[in-house]
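Down below is the structure, laid out as structure tokens.
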Amino acid sequence: MARRYDPERRQRIIDAAIRVVGAKGIAGLSHRSAAAEADVPLGSTTYHFKTLDELLVAALRQANEGFAKAVAERGALADPATDLAAELAALLGEWLAGERTGVELEYELYLAALRRPALRPVAAEWGDGIAELLAHRTDPVTARAVVALMDGICLQVLLTDASYDEEYARDVLARVLAPGVGVTGRP
């Protein structure tokens, strides 16, 4: 039997893995479940991804691209005249108001790095990439602090089913971004 040329197969498997994790959680993902969802032979999943961790790394990397792309495409973030805290708070609001399943999936894959060391470098790439984009408007240390704060706000909203409070987010982001403010909150 001749092999069929299918250059999109690897991508279909990644997309299928993301759908499986979205529907069943990480515990529901296996080479078999990804193959069934992608409608490919089981051998295709193990050919492209020797281990489940390799498949999870590819899925996490793809999931990470969404928020990073949203940040990069937000032209106002590069404009020094723009209120960075307000722009970031609005961006978080848009992100959290979008398809909640996608945001939850992204965080589920991100938090899987706690138990799966192979995912840690990809999880770190996400924070590093966002911090790098923000460092054009602030220093690298503050950019990392802003990423941590945004991450924490998102987790709180997702884990508690609380409503996103854009005004609160803008206020706390402004405090972190305020130049010359020390630990006590005073210059």
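Once the whole set of protein chains is in place, how much accessible area is left on His136, using a 1.4 Å probe, in Å² to the nearest 10?
Rounded to the nearest 10, that gives 150 Å².
With Kirkwood's inverse mean 1/r over C-alpha pairs for Rh, give me the Rg to Rh ratio of the chain, two decimals please.
So for the chain, dividing Rg by the Kirkwood Rh gives 1.06.
How compact is the stretch 4-61 by the rule of thumb for globular proteins, expressed as Cα Rg over 2.2 N^0.38 Å?
That ratio works out to 0.97.
Per residue Cα convex hull volume for the stretch 17-100, in cubic angstrom?
108
So for the pair His136, Asp6, with labels modelled 7 Å out along Cα→Cβ, what separation do we get in nm?
Modelled inter-label distance: 4.0 nm.
Just grab the label-to-label distance for Gln156 and Glu108, each label 7 Å out from Cα along the Cβ direction, in nm (one decimal).
The modelled label-to-label distance comes out at 2.5 nm.
Can you tell me the relative contact order of the chain? Whole percent, Cα pairs under 8 Å, sequence separation 6 or more.
The value is 20 percent.
Would you mind counting up the charge near Trp126? Only other residues with Cβ under 14 Å from its Cβ, with Lys and Arg at +1 and Asp and Glu at -1.
Local charge sum for Trp126: -3.
Nothing charged except the Cβ atoms of Lys and Arg (+1) and of Asp and Glu (-1): what's the magnitude of the dipole of the chain about its Cα centre? Round to the nearest 20 debye.
That gives a dipole near 860 debye.
Pop the C-beta distance of Glu167 and Ser30 into the FRET formula with R0 = 45 Å and round what comes out to the nearest 0.05.
After rounding, the FRET efficiency stands at 0.55.
Report, to the nearest whole %, how much of the accessible area of the chain belongs to carbon and sulfur atoms, 1.4 Å probe, protein only.
C and S atoms contribute 55 percent here.
Rounded to the nearest 500, what is the 222 nm mean residue ellipticity of the chain from helices alone, with -39500 (n - 2.57) per DSSP H run of 4+ residues and division by all residues?
Taken over the chain, the calculation gives -22000 deg cm²/dmol.
Please report, for the Cα atoms of the stretch 79-187, the Rg to one decimal and the Dmax as a whole number; what are they, in angstrom?
Cα-based Rg and Dmax for the stretch 79-187 come out at 14.6, 42 Å.
Per residue Cα convex hull volume for the stretch 112-152, in cubic angstrom?
Residue-normalised Cα hull volume stands at 60 Å³.
The values are calculated or read from the model by the stated rules, or taken from the named source; none is laboratory data. Keep in mind it's a predicted model, so treat the numbers as computed, not measured. Cβ sites come from the backbone with ideal geometry, for glycine too, and all protein chains shown count toward neighbours. Please note that ligands, DNA and RNA were not included when accessible areas were found on the heavy atoms of the full protein model with its side chains. Shrake-Rupley method; radii C 1.70, N 1.55, O 1.52, S 1.80 Å.
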